[in-house]
Amino acid sequence: MNLSFKTGEELILFLVLVTLIIFAVVILFVVFGIFHALKQIDAVRSGKINEVFSFDTWWKGLTGAVPLEKEEVILLNHNYDGIRELDNHLPPWWKYLFYATIVFAIFYLLDYHVWYSSPNQETEYLNEISFAEKQIEEYQAKNANSIDENSVKLLVSDAKVLAKGKEIFTGKCVACHGAAGEGGVGPNLTDEFWIHGGTIGSIFKTIKNGVPEKGMIAWKATLKPNEMQDVSNYIASLAGTNPPNGKAPQGVKVVADSTATK
Ligand code: HEC
């Protein structure tokens, strides 16, 4: 059983369930107790027994012990220099607990190996991993807002970043910069010439603030900082790809980040 709780709700749910189970067991005992007491009262009335509750009878029922006076009944035949052996019953409390473990084991087996309704070790491990990954993502998302042109990272070798960047580029930028970044209304993003600088920080800054008077939109209202980082890296990764129909260079020649030995 895995008793680590990932959220407060899980812990509360667990405690509620445990309370319900304890409650059900208590009710069961009370109901049985009442029935038993009624039976005992009847037995006292009809003179079968003397008292409604006797500790001795209760204890005997629990242990199934043979009274001292009758021990010869369970005395075994062998005799080793006066040492004799009693063949006592298994105490009922123990026996029923043992039966209960067998019943439990059957359900446990079905649960884990036939119905697969509870996670086995491997699934549990995978669950933990995906939970941790989600936490990392949340952490990154929370910290993503602090990315700016000074802290933006060059991540051109991170396939995940590039994939996300490409998605954004395809969705929002191709209309002006071309499907491969070859340029159109906007400049060619694959050459070494940049109007506003070709370092990752400059690219980020251009995307963030745009060049409204020249038709380049400021994306800070639409894209989150980490998305701008992704698309900046995607653009940096396009350096030197030399797509067909590339727009003539604009701006000054700069060594882009992806080729720089930073
Ligand atoms: C409506 C057309 C348009 C769209 C859409 C557009 N851009 Fe631009 N972009 C331009 C224009 C025009 C320029 C050139 C600005 C200038 O001449 O100063 C430019 C310049 C840039 C530059 C600077 C290039 C340089 O040489 O310094 C980058 C980087 C850039 N865009 C990235 C993007 C990204 C990323 C997107 C999508 C999120 C995008 N652009 C969407 C029109 C667009």
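The values are calculated or read from the model by the stated rules, or taken from the named source; none is laboratory data. Since this is a predicted model, take the numbers as computed values, not measurements. Please note: Cβ atoms are built from the backbone with ideal geometry, for glycine as well, and neighbour counts cover all protein chains shown. Side chains included, ligands, DNA and RNA excluded: accessible areas come from the protein's heavy atoms. Shrake-Rupley method; radii C 1.70, N 1.55, O 1.52, S 1.80 Å.
Here TYR108, TYR116, TYR112 are screened, and the one residue that is open to solvent by 60 Å² or more (accessible area, probe 1.4 Å) and assigned to a helix (DSSP H, G or I) is TYR108. The residues of region 80-94 that are open to solvent by 90 Å² or more (accessible area, probe 1.4 Å), outside any loop (DSSP other than H, G, I, E, B) and of a type outside the set (D, E, K, R), listed by number, are TYR80, ILE83, TRP93, TRP94. May I ask you to verify whether ASN226 is open to solvent by 30 Å² or more (accessible area, probe 1.4 Å), outside any loop (DSSP other than H, G, I, E, B) and of a type in the set (S, T, N, Q)? It is true that ASN226 is open to solvent by 30 Å² or more (accessible area, probe 1.4 Å), outside any loop (DSSP other than H, G, I, E, B) and of a type in the set (S, T, N, Q). Conditions first: (1) surrounded by fewer than 18 Cβ atoms within 10 Å (Cβ to Cβ); (2) more than 8 Å from the ligand (Cβ to nearest atom). VAL211 passes all but one, so which condition is the exception? For VAL211, the exception is condition (2). In region 185-202, the qualifying residues are those that are touching a residue at least 40 places away in the same chain (Cβ under 8 Å) and in contact with a helix residue (DSSP H, G or I) (Cβ under 6 Å, 6 or more places away or on another chain), and the one that is farthest from the ligand (Cβ to nearest atom) is ILE200.
I need a count of the residues in region 225-256 that are within 9 Å of the ligand (Cβ to nearest atom), of a type in the set (Gly, Ala, Ser) and under 20 Å from THR170 (Cβ atoms). Qualifying residue count for the region: 1. Filtering region 62-71 for residues that are surrounded by 10 or more Cβ atoms within 10 Å (Cβ to Cβ) and farther than 25 Å from TRP94 by Cβ leaves an empty set. Pairs linking a residue in region 131-148 that is without any contact (Cβ under 8 Å) to a residue 40 or more places away in the chain to a residue that is surrounded by 10 or more Cβ atoms within 10 Å (Cβ to Cβ) and in a helix (DSSP H, G or I), with Cβ atoms under 9 Å and 6 or more positions apart or on different chains, are ASN143/ASN226. From the list LEU154, LEU162, the one residue that fits, being open to solvent by less than 80 Å² (accessible area, probe 1.4 Å), in a helix (DSSP H, G or I) and touching a residue at least 24 places away in the same chain (Cβ under 8 Å), is LEU162. Considering THR170, THR123, the condition of being of a type in the set (S, T, N, Q), surrounded by 11 or more Cβ atoms within 10 Å (Cβ to Cβ) and in the same structural domain as ASN245 (by TED's automatic domain parsing) is satisfied by THR170 alone. Residues in region 17-39 that are open to solvent by less than 70 Å² (accessible area, probe 1.4 Å) and closer than 30 Å to GLU128 by Cα: VAL18 only. Being under 22 Å from LYS142 (Cβ atoms), at pLDDT below 95, within 11 Å of the ligand (Cβ to nearest atom) and of a type in the set (S, T, N, Q) is true of THR222.
State whether the residues of region 178-201 include one that is in a helix (DSSP H, G or I), open to solvent by 50 Å² or more (accessible area, probe 1.4 Å) and among the charged types (D, E, K, R). No: zero hits.
Given the conditions (1) more than 9 Å from the ligand (Cβ to nearest atom); (2) modelled with pLDDT of 90 or more; (3) not β-branched (Val, Ile, Thr), which single one is not true for ASN145? Here ASN145 meets the rest and fails (2).
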